[in-house]
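A short write-up of the structure that comes next.
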Amino acid sequence: MKISILDDYHDTIRTLKCFGKLAGHEVTIWNDHVQDVDALAARLKGAEALVLIRERTKIRAPLLERLPGLKLISQRSIFPHIDVDACTRLGIVLSSNQHFGRPSYATAELTWGLIIAAMREIPRQMASLRAGKWQAGVGNTMRGKTLGIFGYGRIGAVVAGYGKAFGMDVLVWAREASRSRARADGYAVAANKEAFFEESDVISLHMRLVDATRGIVTARDLARMKPTALIVNTSRAPLVEPGALVAALKVGRPGKAAVDVYEEEPLRDTGHPLLNMENVVCTPHLGYVTREDHEIAFAEIFDQINAYLDGKPINVVNAEALAGARK
C-alpha cells in the first residue's frame, strides 16, 4: 500500500524496530506539522493508508473528501480528531486499538518528573545557575503531603503507586467504579469533589477527554486549592475550564502548576501566559513520547495496516465502513 505518516517531528518512526513491519509498502513520512486542508490534500494525494500519531492532526470531512484513494486510517487510542461519520460515509476504515494491555508508563513517569520539578523548582534553579547566581529559593518535599489522583485509571493507579513510594498520602476522586478500585487498592477516597480539591497538596489529572469530562475542573474547584498546592496535567488541556488555570494561578490558588498539554498543539506562541509564569513548569506534550512507547504503539498501528491488506482488518472503529470499503 501507499502509506503516509504525519507529524513524525523527529524522524523517529523509520528508526524503530517495528518499522520493518512495513517492508514492501511505499511509505512517505512527514516530519513537520501542517493543518491546512489544501496542503494536507496535496501531501496525501494518492495515499491509500494514513498513519496518525495520536491527535496531532485533525482529520475532518473537507480533507477526507479530497482523498479518493484513501482506504484506511491506522492509529492508536481515542479519536476526537477524526470525523468518523465522514470516514464511514466515504468507505474509509478507521482502525484504532483502545484496549491497551498496559498503562503508559512513559506518561506516568513524566507526571512524576513534573511533580518533582515543580515542587523543588528545578527549572528556576537551573535558570539561576546559568545566570551566574546560586540558589533561587526554597522548594518543598513531598513526603507526608497529600497526593490527589483525579481519575483512577491505568495511569492514575501507577502515579498513585509512585506517591506511596515517596511517602505521600494518596487521595482519589473519580467516578464510582474507579473509586471502588482505588479503595480495593488500599487508597483513601475523598468524601466529595470539594473535599478532594481542598485537602490535596498535589493534584494530578488522569482521565480521558470526552463530553462528560470536558471542563470537569472548574474555576471554583481551583479556588478551593491551597495556596501552596500544585496541579499537574499530563492528560488533556480541555479537562480544565477554559481560562480557569491561568486566572487561578494569578490569584495564587493553586500556587503552582505543571502542564504537558495545551488547547492548541503544537504550541508556538512564546507569549502564552503559562510559558511566562515563574510558578509553572511546562513541557511540550512529552507524556507518551519515548522510544519504548513508540515501539509498542506503532507495532500495533502497522499490524492494523497489514491485517487490512490481508482482508482481515482488526480494531475497526467503524465496522459499517467495511461494507462500502474502497477497493
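The values are calculated or read from the model by the stated rules, or taken from the named source; none is laboratory data. The structure presented is a predicted model; accordingly, all values stated were derived computationally and were not measured. A quick note on method: Cβ atoms are made from the backbone with ideal geometry, for glycine too, and the neighbour counts reach across all protein chains shown. What goes into the accessible areas is simple: the full protein's heavy atoms, side chains included, and nothing from ligands, DNA or RNA. Shrake-Rupley method; radii C 1.70, N 1.55, O 1.52, S 1.80 Å.
May I ask you to list the residues in segment 36-59 that are under 30 Å from R208 (Cβ atoms) and open to solvent by 70 Å² or more (accessible area, probe 1.4 Å)?
D36, K58
Taking into account only those residues within segment 111-154 that are over 18 Å from N279 (Cα atoms) and aliphatic (A, V, I, L, M), which is most open to solvent (accessible area, probe 1.4 Å)?
Filtering first and then ranking leaves A131.
From A39, A23, grab the single residue that is of a type in the set (A, V, I, L, M) and more than 24 Å from E292 (Cα to Cα).
The conditions single out A39.
Any residue in segment 287-314 that's at pLDDT 95 or above: show its pairings with residues that are open to solvent by 40 Å² or more (accessible area, probe 1.4 Å) and assigned to a helix (DSSP H, G or I) at Cβ separation under 6 Å, as long as the two are six or more apart or on different chains.
These pairs meet every condition: F302/K21.
Restrict the check to segment 75-92 and report whether at least one residue is among the small types (G, A, S), open to solvent by 50 Å² or more (accessible area, probe 1.4 Å) and not in a loop (DSSP other than H, G, I, E, B).
no
Answer yes or no as to whether V281 is at negative phi and assigned to a helix (DSSP H, G or I).
Spelling it out, it is not the case that V281 is at negative phi and assigned to a helix (DSSP H, G or I).
If I filter segment 160-177 for residues that are touching a residue at least 12 places away in the same chain (Cβ under 8 Å), over 22 Å from A117 (Cα atoms) and in a helix (DSSP H, G or I), do I get at least one hit?
no
For segment 252-261, indicate whether the set of residues that are within 27 Å of I53 (Cα to Cα) and open to solvent by 50 Å² or more (accessible area, probe 1.4 Å) is non-empty.
Checking segment 252-261: not a single residue is within 27 Å of I53 (Cα to Cα) and open to solvent by 50 Å² or more (accessible area, probe 1.4 Å).
Quick one: is T228 part of a loop (DSSP other than H, G, I, E, B), more than 28 Å from F100 (Cα to Cα) and β-branched (V, I, T)?
Against the criterion (part of a loop (DSSP other than H, G, I, E, B), more than 28 Å from F100 (Cα to Cα) and β-branched (V, I, T)), T228 qualifies.
Could you pull out the residue among G215, G287 that is buried (at least 18 other Cβ atoms within 10 Å of the Cβ) and in a loop (DSSP other than H, G, I, E, B)?
G287
Kindly list the number of the only condition in (1) in a loop (DSSP other than H, G, I, E, B); (2) within 27 Å of G153 (Cα to Cα); (3) open to solvent by 40 Å² or more (accessible area, probe 1.4 Å) that fails for E300.
With (1) in a loop (DSSP other than H, G, I, E, B); (2) within 27 Å of G153 (Cα to Cα); (3) open to solvent by 40 Å² or more (accessible area, probe 1.4 Å) applied to E300, the lone miss is (1).
What tally of residues in segment 18-43 results from selecting those that are in a helix (DSSP H, G or I), farther than 14 Å from R66 by Cα and among the aliphatic types (A, V, I, L, M)?
Total meeting the criteria: 1.
If V240 meets every condition in (1) within 23 Å of P80 (Cβ to Cβ); (2) of a type outside the set (D, E); (3) open to solvent by 50 Å² or more (accessible area, probe 1.4 Å) apart from one, which number is that one?
(3)
For segment 127-145, check the following and say yes or no: at least one residue is touching a strand residue (DSSP E or B) at 6+ places or on another chain (Cβ under 8 Å) and outside any loop (DSSP other than H, G, I, E, B).
No: zero hits.
Give the residue that is nearest to R89 (Cα to Cα), with candidates limited to residues of segment 304-327 that are in a helix (DSSP H, G or I) and open to solvent by 60 Å² or more (accessible area, probe 1.4 Å).
The residue in question is E320.
Closer than 22 Å to I116 by Cβ and either at pLDDT below 95 or acidic (D, E) (or both): is that true of D211 in this structure?
no
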